[in-house]
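The values are calculated or read from the model by the stated rules, or taken from the named source; none is laboratory data. For clarity, every value in this text was computed on a predicted model and none was experimentally measured. Note that each Cβ is placed from the backbone with ideal geometry, even for glycine, and that neighbours are counted across all protein chains shown.
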Amino acid sequence: MPTSPDRKSSADDFYASLKERASAIEGRYRSLTPESARLNEEAQSFQPGGSTRDAVLRQPYAPFFSGGEGGWVTDADGRRITDLWFNASSLPLGYGDPGVLAAVHEQLSRGTAFFGPTEPDVEFARLLCQRLTSAERVRFTNSGTEAVMVAIQIARGLTGREGIAKFEGSYHGTYDDVFWSVATGSLDVGPVDRPVPIVGSLGVPPDPSRTLVLPFNELGATEKLLEANAHRIAALLVEPVPHRMGLIRPEPGFLEGLRAICDRHGMVLIFDEVIAFRVGYHGAQGLFGVKPDLTVLGKIIGGGFPAGAVVGRTEVMAVTEPNRAKRVPHFGTFSANPVSMVAGKATMEALTPGVFRGLNDSGERIRRELRRICEGLPLRVTGVGSLFKINATDLTIRDYRTALTVDRRWQELASLALLNEGFFLTTKLHGCVSLATTEEQIENFLSAFERLVRGGT
């Protein structure tokens, strides 16, 4: 439901109180981080914008990090900061886990890369097939983005169709056919039953003819769009827990409905669990009880090193087998490099069902306490498992369109104010916990956030 005019005015007043302190918040940040400022200025001479990763950018500049231990990072100015994002959620054990370090050190003495397969990639493939009920075969890549690209090629090779379908607001990497309707910042997205495809980058060809954009959590509209285009759609790509929509849950029956549509029309259902694999021992598909044909993985499966994977059913993955006359080939100089494989295997072995329960209990506790703190305020808390997000809006976040209503400036300032207090989240207030996150760190973060929204930080 839309926000009433009176409530909208109250929300604007709430956001304005922090915005009025913007200069003081930024000034304090600058005083705390002179070395990061110097490094940022130097980086501007060699890297566009001062960084090679757009995701880490923030105003007035990003903190430079020099080290990490457990649930802490140290910045270039020597400040010890509670990390609540762990390199985009990719370090579920925290920094410097002894088991991961031991596995990596042993492998380093043997070699970092070979022009041939190694036992670690076989062992890790076996583990992933045991962990994901939909996985029977594995192809390793160097990143989640690359895994998406390979998965789409597999779907096209299997079906003989060119088109793909994705949901507005979902990020699947910067591959041309998926970099559409990601995070436009605009409400000009068309009607919910016919979303307008919006190109995500100046470098992407502005022709969406191969990409059908769908509305998340709107099964009826999605079904009609897919049925009208079924003859050309090879794959339906979905994040079971959409990151840029606020780490929200699919509504009951939504994923099941997508599975039925794909079965009916011969489309390949691809789950993007690059982030969502973190939500449980069997990933998001285990949590929600829906089996995709293919799953793309990344982040936590590398144990802190670059890694990605496409996993899926034998008959779907068979199109990549080398003994076929017509096939989907897959190369990669550093794919399945043994360092990433042993680090990933050590990480996944440490993430037992009991560890996942503990992580998810901590995530739920943070969400519960944040909701208590935010009660009566124009703030909404979302998240699943060990992931959480604070949204500066008075609306319930259920899809891309409600996610677009957040006050981005308030979120950015809140993130910077929390960083001044020693807590690192994204500029959009995404966060997560790791196995190394302590109760004291959680309590201190919640206290700092409560002071912030009460006007004290």
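Values for this structure:
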| read-out | value |
| --- | --- |
| Any chance V73 is crowded, with 20+ Cβ neighbours inside 10 Å and in a strand (DSSP E or B) | yes |
| Long-range neighbours under 9 Å by Cβ, at least six apart or interchain, first residue part of a helix (DSSP H, G or I) within segment 115-134, second of a type in the set (D, E) | L127/E349; C129/E136 |
| Members of segment 344-379 that are part of a helix (DSSP H, G or I), touching a residue at least 24 places away in the same chain (Cβ under 8 Å) and within 20 Å of the chain's Cα centre (by Cα) | G344, T347, M348, F356, L359, N360, S362, G363, I366 |
| Count - residues of segment 409-453 that are among the acidic types (D, E) and touching a helix residue (DSSP H, G or I) at 6+ places or on another chain (Cβ under 6 Å) | 2 |
| Filter result for F288 (out of contact with any Gly (no Cβ under 8 Å at 6 or more places or on another chain), aromatic (F, W, Y) and without any contact (Cβ under 8 Å) to a residue 12 or more places away in the chain) | no |
| Filtered residue count, segment 348-380, keeping only those that are aliphatic (A, V, I, L, M) and within 13 Å of T437 (Cβ to Cβ) | 3 |
| Residue match in segment 152-160 (condition: touching a helix residue (DSSP H, G or I) at 6+ places or on another chain (Cβ under 7 Å) and of a type outside the set (V, I, T)) | yes |
| Positions within segment 133-162 being closer than 24 Å to N229 by Cα and in contact with a Leu (Cβ under 6 Å, 6 or more places away or on another chain), in sequence order | A151 |
| Members of segment 406-457 that are modelled with pLDDT under 95 and in a strand (DSSP E or B) | none |
| Condition check for P306: surrounded by fewer than 24 Cβ atoms within 10 Å (Cβ to Cβ), on the phi < 0 side of the Ramachandran plot and modelled with pLDDT under 95 | no |
| Boolean, R126 is of a type in the set (D, E, K, R), modelled with pLDDT of 95 or more, within 21 Å of the chain's Cα centre (by Cα) and in the same structural domain as G304 (by TED's automatic domain parsing) | no |
| Failed item, numbered, when L57 is tested on (1) exposed (fewer than 12 other Cβ atoms within 10 Å of the Cβ); (2) in the same structural domain as S415 (by TED's automatic domain parsing) | (1) |
| Which numbered condition D177 fails, given (1) charged (D, E, K, R); (2) buried (at least 19 other Cβ atoms within 10 Å of the Cβ); (3) touching a residue at least 40 places away in the same chain (Cβ under 8 Å) | (3) |
| Close pairs (6 angstrom Cβ cut-off, 6 or more residues apart or separate chains): modelled with pLDDT of 95 or more in segment 149-171, surrounded by fewer than 23 Cβ atoms within 10 Å (Cβ to Cβ) and part of a helix (DSSP H, G or I) anywhere | I154/V319; G157/V319; L158/V319; R161/R232; E162/R210; G163/R210; G163/R232 |
| Only one of S340, S335 that is in a loop (DSSP other than H, G, I, E, B) and of a type in the set (S, T, Y) | S335 |
| Qualifying positions in segment 126-145 - within 22 Å of P329 (Cβ to Cβ), in contact with a Ser or Thr (Cβ under 8 Å, 6 or more places away or on another chain) and of a type outside the set (V, I, T) | A135, E136, R137, R139, F140, N142 |
| Test for V189: is it in a loop (DSSP other than H, G, I, E, B), over 20 Å from A284 (Cβ atoms) and in contact (Cβ under 8 Å) with a residue 60 or more places away in the chain | yes |
| Selected residue (only one of V241, V213 is in a strand (DSSP E or B) and touching a residue at least 40 places away in the same chain (Cβ under 8 Å)) | V213 |
| Considering residues of segment 1-20 that are of a type in the set (G, A, S) and out of contact with any Ser or Thr (no Cβ under 8 Å at 6 or more places or on another chain) only, the residue modelled with the lowest pLDDT | S4 |
| Any hit, segment 258-271, residues being in the same structural domain as H172 (by TED's automatic domain parsing), within 25 Å of T405 (Cα to Cα), within 19 Å of the chain's Cα centre (by Cα) and at pLDDT 95 or above | no |
| Counted residues, segment 148-168 - those being more than 23 Å from the chain's Cα centre (by Cα) and part of a helix (DSSP H, G or I) | 4 |
| Identity of the residue in segment 269-298, among the charged types (D, E, K, R) and buried (at least 24 other Cβ atoms within 10 Å of the Cβ), that ends up nearest to A235 (Cα to Cα) | D293 |
